[in-house]
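Some notes on the structure that comes next.
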Amino acid sequence: AVVSTQSGHYGRGVIPADGFYEWSSTKGAEKIPYFVHRKNSDESGERNLLMMAGRHDKCRLNNEDCILYSASVITVSASAPMSWLHHRMPALLETEEEVKKWLHTG
């Protein structure tokens, strides 16, 4: 997580990404990958990053010195434009205000 807050044993974070893959099944066993991303911002071709809500945690394994770090992306029901592809999608934080609210709520 690039930005995070710690609350109890877990923390909230924001996971920036160029996009994410979603797989669509055909009638056969074949699955087709779709790369979901924002439209390009300018003629340079650089993508606007997606900001995904996430959680992170760490725990000690069997009281040893080894610490396990983990992170996960929060998912929500798919938006109307995404529903043809899958019933769930990452929780996208669209504005700086949404990022701040996610990091400092709960």
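Things to note:
- Computed label-point distance, nm, for sites Lys31 and Lys100 using a 7 Å Cα→Cβ extension: 3.9
- Cross-link check: pairs Lys31/Lys58; Lys39/Lys101; Lys31/Lys101 evaluated at a Cα-Cα cut-off of 27 Å; pairs beyond the cut-off: Lys31/Lys58; Lys31/Lys101.
- Stretching the chain fully between Asp65 and Tyr21 yields a gain of 12.3 nm (0.36 nm per residue, less the alpha carbon separation).
- The convex hull built on the alpha-carbon positions of segment 15-106 has an orientation-averaged projected area of 10.0 nm².
We did not get these values from a lab; they are worked out from the coordinates using the rules stated. These figures come from a predicted structure and were not determined experimentally. Quick reminder, even Gly has a Cβ in these numbers, built from the backbone with ideal geometry, and neighbours come from all protein chains shown.
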